[in-house]
Structure formats: C-alpha cells, structure tokens
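K.L.:
Can you read through this structure? Questions will come right after.
The values are calculated or read from the model by the stated rules, or taken from the named source; none is laboratory data. Since the model is a prediction, treat every value here as computed from it, not as a measurement. Cβ sites come from the backbone with ideal geometry, for glycine too, and all protein chains shown count toward neighbours. Surface areas here come from the heavy atoms of the whole protein model, side chains and all, with no ligands, DNA or RNA. Shrake-Rupley method; radii C 1.70, N 1.55, O 1.52, S 1.80 Å.
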Amino acid sequence: MTPQDIADKVQKQFGDAVLEFDAEALDPVIKVNPEAWFDICEFLKTDADLEFDNLVCLSGFDYGAGKELGIIIHLYSFPKRHSIAVKADLPRENPRIRSIESLWRTADWHEREVFDLYGVVFDGHPDLRRILCPDDWEGYPLRKDYEVQEFYHGIRVPYKEDWEEFDTFLKNPRRGHFVFQFERTLPANGNAKPKEKPSP
Amino acid sequence: MFNNIFKKQRYYFDSEGLLVVDMSPSSAVHYQEAVQAATQDAGFSGEDMVINFGPQHPSTHGVLRLEVVLEGELVKKVTPHLGYLHRNFEKHAEYIPYNEIVPYTDRLDYLAAMNMNLGYVLAVEKLLGLTELPERVEYIRVICAEFNRIASHLMAIGTFGLDAGAITPFLWAFRDREKILDLFEWLSGARMLYNYIWVGGVARDLPDGWVEKAKEFLDYFEPMMVEFNNLLTHNHIFIERTAHIGILPADVAINYAATGPVLRGSGVKWDLRRDQPYSIYDRFEFDIPVGEGMYGPVGSAFDRYWVRIREIEESVKILRQALDQIPEGDVFEAIPRKIRPPAGKEAYFRSEAPRGEIGFYIRSNGSDIPDRVKCRSSCFVNISLIDEISRGQLVADLVINIGSIDIVLGEVDR
Amino acid sequence: MRTYFRNVYRSLITILIGMRQTWRHLFTPSVTLQYPHEKWDLPVGTRQQLFVNIDDCIGCYKCARICPVDCIYIDTVKAKPDEDLGKASTGNPIRQHVVRFDIDMFKCCYCNFCTTVCPTDCIYMTDKYETSVYDRSNGIYHFSKYAPDYAAKLIVDEKEAEAAKAAARAAAKEKAMAAKKAKVAE
Ligand code: SF4
Ligand code: SF4
C-alpha cells in the first residue's frame, strides 16, 4: 500500500485522533494524538492489510527550549513491504505516553533510551530505568535546555581545567556553544601550568 | 529490580571529595533483608546466584556488564547494563555542522567505520535531495563498504572462534584484516577511523595502482578463506559446541527488530542491499546467505557464524564486479559547499552495515547544524536479544551467544 | 553408541585437517614484525602528527573553525597599515601576526579536516607517530614564532590602539550629540 492509503485507512478508523498526514515528507509521516498512540500502533500492527511487524526505529526529539517534545516511530512491514512513520507531540512538563513495548519487544530499550535522554515517561513499560546514563544522573541530556551537572559523585563533569584565564578562543561567537564540553583555557604562548589542583 | 538494590550507596563522596563509608551495622542488616525480599519478589529461590559478568571481561567484547541470575550452572535471567562507553554522540551532533559529524560516526562502530560514514552520509544526502553523484564516487563507496564488511566479519568470526576456545583462527583472521587495513591506510591515511566518505563525495581519489592491489588482495584472500574454513568452520568440535545453542526463532528476531546476520541466521532473507537498494547495489549480482540449520536447529549460534562466512564470499563477489567496472571521473565535483537543508525537514535512512541496519534519523532546523541526529544502532537492538537466547542454557554458552551476536560497544553505547 | 564413535572420529579427522594447514604454515615466512626495531613504511598521505609551517600561515582561522573537536587555538593581531608581513609561498598576503598557534594533540582526532581547508597548505600531517610524552602539557604543541613577551606586547598594543580608537569614536559621537542638542535647543 502507498503511504496515502495507509493514512486513509488509519484516518477512517480513528477519525479525529489523526491530526495530520504529510505525504510530501521524505518519509511520509502521520501525526497523531498521543491519547490514541497505543491504539493506532496496535491497529497498524494487527490489521490484516497493514501488518507492520517491524519497528525499525523509535526516537524522541525536541522542538526547542520551551516548546514541545516529540516522539516518532518508523515502521516497516516484512510481509507487505511498505513503510510509514508515526509521530506524536508531548508536553514539555510531565510528558507521558503509553508504552508500545507489548506490541514490539524492541521498543523496550528504545523507550528506555528516550526516557533516559528526554525524560518521556512510558506508562505500562515493565522496566523503565535509565539505560545509557547512570541511574542517578540528573536531568535529561538531549533536551535543548539541558544543563550539565557540576559534580557527579565528587567527579567534576564539565571538562574544564583550572588553568589561567585566556578567552579569545572562547569568545569566538561560533565556538560559544562548545564551551560547556571542551573548555580549556591556556595562557598565550606560555607554558601552561595548573594554578591549583582541581578538586576531585 | 536488582538494580535498585545494588544502587543503594554504601559509600559516596561528599562535596569536598572525601570518601564517606556507611558502616553502621543496621544498614548492613537492612541491605541483606532488602536483597532477600527482592529475590523472593522476583521468584528466585535462595539457591540462585547473581553474578556480574563484565564490564572488564574479555569475552564481552568491550565494556558490557551482564547481570546474570544463575541456578547452579543454568542461566535464569540476563540483564545487560550499558553505558560504560556512553559519550552521547547525539548531543555532540547537535553542536557541530553536518560535515564535521562524519569523524564522530567513525567512532560508533569502529570496526566498520566506512559503513558508519556511508550510512550517515547517505542520510544527509537524502535530506538534501542529493541523488546524482558521480559514478566513480558511488563505486568507491561500495568498494570501501564491502572491504570494510570483510574486515569487520573477519574480526567477528575470529573472536567467535576465540570465545569457543580456538586461538589460531583469530590470528589468521587478524592477519588478513591487517591487509585490508593497509589498503585503507593507503587510500585514506588512517587505519581504523577513516573519515573518508563525505557528503557528496569522498575525501581522496583512489591512488594509482590501488585497484590492482585490491584485486591482488582478493586473489590472495579467497584461498585463505578456504584454509580458515578447514581450520574452524568444518571443525566438528566447534560445530558441536555452537550448533545447538542460542536458538533464535525468526518471529522473535523480527519482533525484536534484529537485523543483519542475526536476522539472516534465523532464516529470514532480508538484506537492505537487495531489498531496498541504495547507492548502486542494484547493479551487482550477489546472494543473500541465510541460516540453513545444517548441523542443528535454524537460528543457532553456528548459523549466525555461517552467515558471516558466506557474506564474506558474497562481498568478494561484489568487490570483483565493482573493481572491474569502476569508471574514471572526478570525485570532488558533487561535494556541496554549504550543507543547509530546509528547516523542519526530517529524514530517516537505513543502510546495511556488517552488524545490521544502521539508521540515522536527522531533523534539520535550517542552519548548517542539525537539530537532531538519532543513530539507530544495530548492536544496541541486537544485544537486547541476549536474555531471550541464553535463558535456560549453561553459563559457558552465554559467552558464545554474545560472540555470535557480535557487538561493538562503541555502537551500543554511542 | 554409534553416534559417540562417529563424533570422536569426525572430531579427530577435522582436527587433523586443521593441523595440516597449521603444519604447512610452519614453513611460510612470518608476517609479524619486531616493532621497535623494524617498522613498516607508511604510505604517502598517512595521518599522524600534525605540523604547521608557521611562516606560511596567514591566520585565517579556517582550520580552527572546521576542527570538530576544537583543538586548534589561534590568536592573531592585525598588522598595522604601514607594516608589511610579506606573502605566503602560495602568494596569499599575510595580514596578521599569528601570536598564538597551539594544537592540543591529545584532543586531535586525526580527521584531516584542517589540512584540507587550509588555503596555503601550511598545516599538514607528518608520518611521525611515536609521540607519547611524560607530561600532559607537553602534548600541546606551540607553533607560533613569536616570543611570549613580544606576543604579549603586540596584544597589549592592539588593545591600546583599539581603546584609543573607541575613545576617539565616543568623543566624536558626544560632540555630534552636543551639536544636535544645541541645534534642538535653538
Ligand atoms: S586533524 Fe582534525 S581534530 Fe586534529 S587538529 Fe585537524 S581538524 Fe582538529
Ligand atoms: S587554515 Fe592554514 S593559513 Fe589558515 S590559520 Fe589554519 S594553518 Fe593558518
């Protein structure tokens, strides 16, 4: 089936829950209401004409600081050889959505990853823990307004050495964004010496 | 469940950096009680043992920690813990322009850096709508990707033999892999992290005589594969060791979205190079090897290994065709000066890397820096199967199961 | 029982086949190299230690801008109008003093981007790869040809000149404002 047919079929079944369909996009994507997320996914998987048995990818994204979060899945069907993407927008404060782990087992880890990096809570997920960051990490790193914590168990997190101030490089407007990760300050042409030992 | 218990801190650093150890007897009692309560909750009897496998274990192929619940020698549950190599590639990618991300993709699957480059670059080209590339570029890309597939599979089958206790084949595989790396070094200047395939082109043209040397290598390499098979693949002890364990049925593999040799080992004939041909893969003739269950059930650890062996042969076939057909041309002419996809555009592209499908989901925000780069890594998905395929088997087989999935932790943790 | 013996037989035979391969390879030349005493020849264009031919550097910041890990630190001071700093060997005029050109080789990921974009080809990769050092600050390579005190003087001079310029501009602005005010008052 073409993406348009798939979208029509979903639209017929769920009516208002389908917010929009973008057939012009590189990967045609159906935007749905997060309330109906699980039902639409279940329909896509179990319907005899659609049979999306392969969840290729599940990713979260962020529209920008202060705006909404999003979640998108790319589906493929081995028997029918067609594909579609489905996405939903979630509020930034307390984003919740129903887990689709019971439909595709692979969503288990993908959802844990989105929870870890974006803080989206998947209701009904059996084991929602952080997966890539440590369990007691603070904040959700991939959000646009994320600020890295200063210390983690007494280890300084941002890479910074207590060396003498030298900031022309850091003032470079294009480089400003990188400071949080790669800040290192050196005196001009002198031999760099640590002023004092960084605290552990 | 267990994780929550072990997370409980018994020592920590305070803000001055001093080590504080909580040694009060009551907390020790609590700790034991909590462990007991939790084990009973989870349905484990007092006979069960929880051991940590890794992160510094040679057969976990990197820094992977498995929390294994054992009953005697039988595995009851495996919980992988990731993140020891996590560096948040995706956050980095939100701060640097499209073309500068390519060296970062090298570090995903560092054993198949060309395939990672190719996957990312094709995703960006899809986003840009850049489909017309010079013929020579396409050929060079395919040649590099296939050579790297051979190198990566050699590593996989070598270490798989090592997991099963065969040391010689590992060294033989390494010797041949070294020769491929020499070719790559001549081509790109680096042995492992090439940064060779760029958006719209490649970094350097093929040096004079490279094609001949590559053909020479293939002539040398094919008899070596026969020797390797004599040494390891047809060895009866090795077959008996691997052909009955780690059974992965096809429907489970699809449900877990396993890809690459793991999926094909279960008998599913699915390869993006044939089924959704990208680049110029539709011009070559090659087979898709699948697990046949020659010595045991389909989808065993041996089948996954066997698929890799056969894929090496198929890659040699592709390489021979590509090296014969490669045209002359300019490899730099299509490299765009500025990469600025329109705002709000998004693309997902997947391509076939040695370990499975590598997918990149890219959103643009109209500037030369991407808004979001998500890497759907094949190893990340495949390793989530480890619990499924090793439950109820011996702990010694766990090592072989990990080896048969063939993970690279750089890609799992990103 | 039969399976048992067949397995034993098969195992022995396949091991012997493997041993034959190994035995044959006992008489082929070895492929290993005694590393510190012998070395491979590296191919042309290999990517190892970076080097900057500072006489050719025009201080265009292109390399620092493209570096994906930000490990090139450059500072320049604009040449005064009456100063002539000559030309790079490729013919590009040099218009600034490169008072600082440091590369942190610990951070460098050997991606070769900087050498590709350099307009005068003055930054390039050499084939030196044994670069371990005992102190971390020795991994930062200083390429600038200016002595530290002279460089500091140049920077101070530039700052002073800039401050003077700014002051002059401010004064001119004030004057204009005053004139305007006077006009309005009239
Ligand atoms: S090689 Fe790459 S990482 Fe190293 S200095 Fe040049 S641009 Fe930076
Ligand atoms: S790109 Fe070349 S000329 Fe420009 S600052 Fe770097 S080294 Fe100097």
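K.L.:
What accessible area per residue comes out for chain B, rounded to a whole number of Å², with a 1.4 Å probe? Kindly include the intermediate steps, with their values, before the conclusion.
P.N.:
On the way: 14690 Å² over 414 residues.
With all protein chains present, chain B gives 35 Å² per residue.
K.L.:
Another question, if that's okay. List, in order, the whole-Hz ³J(HN,Hα) value for each residue of the range C:30-37 obtained from phi through the Karplus relation with A = 6.51, B = -1.76, C = 1.60 and θ = phi - 60°; use x for Gly and Pro.
P.N.:
Result, ordered by residue: 6, 9, 8, 10, 7, 3, x, 8 Hz.
K.L.:
What does the C-alpha gyration tensor say about the overall shape of the range B:282-377? Classify as rounded when a/c is under 1.5, otherwise prolate if a/b is larger than b/c, or oblate. Don't jump to the answer; show the numbers that get you there.
P.N.:
Working: a/c = 4.40, a/b = 1.57, b/c = 2.81.
In terms of gyration-tensor shape, oblate.
K.L.:
While we're looking at this one, here's another question. Could you work out, residue by residue across C:69-81, how many beta carbons of other chains sit within 10 Å of that residue's beta carbon, and then give the average as an integer? Don't skip to the end; give the middle numbers.
P.N.:
On the way: counts 8, 11, 2, 1, 8, 3, 5, 1, 0, 0, 0, 0, 0.
The mean count of partner-chain Cβ atoms within 10 Å per residue comes to 3.
K.L.:
Which chymotrypsin sites (Phe, Trp or Tyr not before Pro) from the range B:285-323 combine a DSSP loop assignment with at most 16 other Cβ atoms within 10 Å? Spell out each step's value before the answer.
P.N.:
Numbers: sites: B:Phe286, B:Tyr295, B:Phe302, B:Tyr305, B:Trp306; in loops: B:Phe286, B:Tyr295.
Listed in order of number, the matching sites are B:Tyr295.
K.L.:
List the residues whose amide H sits under 5 Å from the amide H of B:Ala353, counting only those 5 or more places along or on another chain, with H placed 1.01 Å from N in the peptide plane.
P.N.:
Answer set, sorted by chain and number: B:Ile358.
K.L.:
Determine, from the Cβ-Cβ distance of C:Thr22 and C:Ala152 and an R0 of 60 Å, the FRET efficiency 1/(1 + (r/R0)^6), rounded to the nearest 0.05.
P.N.:
Numbers: r = 67 Å, r/R0 = 1.12.
Between C:Thr22 and C:Ala152 the formula returns 0.35.
K.L.:
For the interface of B with A, what's the total buried accessible surface in square angstrom, probe 1.4 angstrom, rounded to the nearest hundred? Please report the intermediate quantities before stating the final value.
P.N.:
Details: alone 17890 and 12120 Å², together 25680 Å².
For chain B against chain A, roughly 4300 Å² becomes buried.
K.L.:
Can you work out ³J(HN,Hα) from phi for every residue in the range B:227-239, in order, using Karplus 6.51 cos²θ - 1.76 cosθ + 1.60 and θ = phi - 60°, giving whole Hz and x for Gly and Pro?
P.N.:
Each residue's phi maps through the Karplus curve to give 4, 4, 5, 4, 6, 10, 4, 8, 6, 5, 5, 4, 5 Hz.
K.L.:
How much accessible area per residue does the range C:47-145 have, counting only protein heavy atoms and a probe of 1.4 Å, in square angstrom? Don't jump to the answer; show the numbers that get you there.
P.N.:
Details: 4690 Å² over 99 residues.
I get 47 Å² per residue for this part.
K.L.:
While we're on this one: In debye to the nearest 20, how big a dipole does chain B give about its Cα centre with +1 on each Lys and Arg Cβ and -1 on each Asp and Glu Cβ? Don't jump to the answer; show the numbers that get you there.
P.N.:
Numbers: 43 positive and 59 negative charges, 150 e Å.
Using only the charged Cβ atoms, the result is roughly 720 debye.
K.L.:
Hey, what angle do you get for helix B:25-41 against the long axis of chain B, alpha-carbon based, 0 to 90 degrees rounded to 10?
P.N.:
70 degrees
K.L.:
Okay, moving on. Skipping prolines and chain starts, which residues have an amide H placed within reach, meaning under 5 Å, of the one on A:Cys57, given they are 5 or more residues away or on another chain?
P.N.:
Here A:His74 satisfy the definition.
K.L.:
Under 5 Å between amide H atoms, partner at least 5 residues away or on a different chain: which partners does B:Val50 have, H built in plane at 1.01 Å?
P.N.:
Those lying under 5 Å, H to H, from B:Val50 are B:Leu70.
K.L.:
A further question on this structure: Read phi for every residue in the range A:124-131 and hand back ³J(HN,Hα) as whole Hz from Karplus 6.51 cos²θ - 1.76 cosθ + 1.60, θ = phi - 60°, with x for Gly and Pro.
P.N.:
For the range A:124-131, the Karplus-derived couplings read x, 6, x, 8, 8, 10, 5, 10 Hz, x marking Gly and Pro.
K.L.:
In addition: Among C:87-99, C:66-78, how do they line up from the highest to the lowest mean number of other beta-carbon atoms within 10 Å? Can you show the working numbers first?
P.N.:
Values: C:87-99: 16.2, C:66-78: 21.1.
Going by the mean number of other Cβ atoms within 10 Å, highest first, we get C:66-78, C:87-99.
K.L.:
Next question, about the same structure. With +1 on each Lys and Arg Cβ and -1 on each Asp and Glu Cβ, and nothing else charged, work out how big the dipole of the range C:7-131 is about its Cα centre, in Debye to the nearest 20.
P.N.:
Numbers: 14 positive and 14 negative charges, 157 e Å.
The dipole of the range C:7-131 has a size of about 760 debye.
K.L.:
Okay, next question. Using Cα atoms only, what is the angle between the long axis of helix C:148-185 and the major principal axis of chain C, expressed in degrees (0 to 90) to the nearest 10?
P.N.:
In chain C, helix C:148-185 runs at an angle near 40 degrees to the longest axis.
K.L.:
With the full set of protein chains in place, find how many percent of the accessible area of the protein assembly as shown is carbon and sulfur; take the probe as 1.4 Å.
P.N.:
The C+S portion of the solvent-accessible surface of the protein assembly as shown is 54 percent.
K.L.:
Could you state the angle between the C-alpha long axis of helix B:395-405 and the longest principal axis of the C-alpha atoms of chain B, as a value from 0 to 90 degrees rounded to the nearest 10?
P.N.:
For helix B:395-405, the angle is close to 20 degrees.
K.L.:
May I pose another question? For the range B:69-133, which GluC sites (Glu not before Pro) are in a loop by DSSP, counting at most 13 other Cβ atoms within 10 Å? Before the final figure, lay out the partial values.
P.N.:
Details: sites: B:Glu71, B:Glu73, B:Glu90, B:Glu94, B:Glu100, B:Glu125, B:Glu132; in loops: B:Glu73, B:Glu94, B:Glu132.
Loop-located and lightly packed - B:Glu73, B:Glu132.
K.L.:
Here's another thing I want to ask about it. Once you've got the GNM for chain B with C-alpha springs shorter than 10 Å, pick whichever of B:Phe349, B:Phe332, B:Phe160 has the biggest mean-square fluctuation.
P.N.:
Of B:Phe349, B:Phe332, B:Phe160, the most mobile in the Gaussian network model is B:Phe332.
K.L.:
If one takes the accessible area of chain C alone plus chain A alone and subtracts that of the pair, with a 1.4 Å probe, what total in Å², rounded to the nearest 100, results? Walk me through the intermediate numbers first.
P.N.:
Values: alone 14440 and 12120 Å², together 24880 Å².
For C against A, buried area totals roughly 1700 Å².
K.L.:
While we're here: From the Cα trace of the range A:27-94, what convex hull volume per residue do you get, rounded to a whole Å³?
P.N.:
Working: hull volume 5.6 nm³, N = 68.
In the range A:27-94, the Cα convex hull volume per residue is 82 Å³.
K.L.:
With unit charges on the beta carbon (Lys/Arg positive, Asp/Glu negative), name the residue among B:Gly265, B:Val252, B:Gly200 whose Cα is farthest towards the positive pole of the charge dipole of the range B:184-279.
P.N.:
Going by the Cα projections, it comes out as B:Val252.
K.L.:
Would you be so kind as to identify which of B:Met155, B:Phe238, B:Leu130 lies farthest towards the positive end of the dipole of the range B:89-413, taking Lys and Arg as +1 and Asp and Glu as -1 on Cβ and the Cα centre as origin?
P.N.:
Positive-most Cα among the choices belongs to B:Leu130.
K.L.:
Based on the alpha-carbon gyration tensor of the protein assembly as shown and its eigenvalue square roots a ≥ b ≥ c, which shape applies: rounded if a/c is under 1.5, prolate if not and a/b is larger than b/c, or oblate? Mind showing how you got there, number by number?
P.N.:
Details: a/c = 1.58, a/b = 1.35, b/c = 1.17.
Cα axes put the protein assembly as shown in the prolate bin.
K.L.:
Determine the per residue accessible area of the range A:1-115 with all protein chains present and a 1.4 angstrom probe, expressed in square angstrom.
P.N.:
Numbers: 4580 Å² over 115 residues.
It amounts to 40 Å² per residue over the range A:1-115.
K.L.:
Moving on. Per-residue Cβ counts within 10 Å, from other chains only, averaged over C:144-150: what number is that?
P.N.:
Values: counts 2, 0, 2, 1, 5, 2, 1.
Partner Cβ neighbours, averaged per residue: 2.
K.L.:
Right, here's the next one. With a ≥ b ≥ c taken as the square roots of the eigenvalues of the C-alpha gyration tensor of chain B, please select rounded if a/c is under 1.5 and otherwise prolate if a/b is larger than b/c or oblate if it is not? Write down the numbers at each step before the final one.
P.N.:
On the way: a/c = 2.17, a/b = 1.38, b/c = 1.57.
Note, shape of chain B comes out oblate.
K.L.:
Treating only the Cβ atoms of Lys and Arg (+1) and Asp and Glu (-1) as charged, compute the dipole magnitude of the range A:3-123 about its Cα centre; round to the nearest 20 debye.
P.N.:
Details: 13 positive and 24 negative charges, 24 e Å.
That gives the range A:3-123 a dipole magnitude of about 120 debye.
K.L.:
Another question, then. Going by a 1.4 Å probe on protein heavy atoms, which residues of the range A:74-98 end up with at least 30 Å² less accessible surface in the whole assembly than in their chain alone?
P.N.:
A:His74, A:Tyr76, A:Phe78, A:Arg81
K.L.:
How big is the B/C interface in buried accessible area, both sides summed, 1.4 Å probe, to the nearest 100 Å²? Intermediate results must be reported in sequence, preceding the final value.
P.N.:
On the way: alone 17890 and 14440 Å², together 30100 Å².
Looking at B and C, the buried total is near 2200 Å².
K.L.:
I would also like to ask the following. State the answer as a single residue: which of C:His97, C:Cys114, C:Met1 lies farthest towards the positive end of the charge dipole of chain C, with beta carbon charges of +1 for Lys and Arg and -1 for Asp and Glu, about the Cα centre.
P.N.:
Of the options given, the answer is C:Met1.
K.L.:
If you count, for every residue in B:382-393, the Cβ atoms of partner chains within 10 Å of its Cβ, what is the mean? Could you put the intermediate results ahead of the total?
P.N.:
On the way: counts 1, 1, 7, 2, 0, 0, 1, 0, 0, 0, 0, 0.
Across B:382-393, the average partner-chain Cβ count within 10 Å equals 1.
K.L.:
List the residues of the range A:22-54 whose accessible area drops by at least 40 Å² when all protein chains are present, compared with their chain alone, using a 1.4 Å probe and counting only protein heavy atoms.
P.N.:
Those residues are A:Leu26, A:Asp27.
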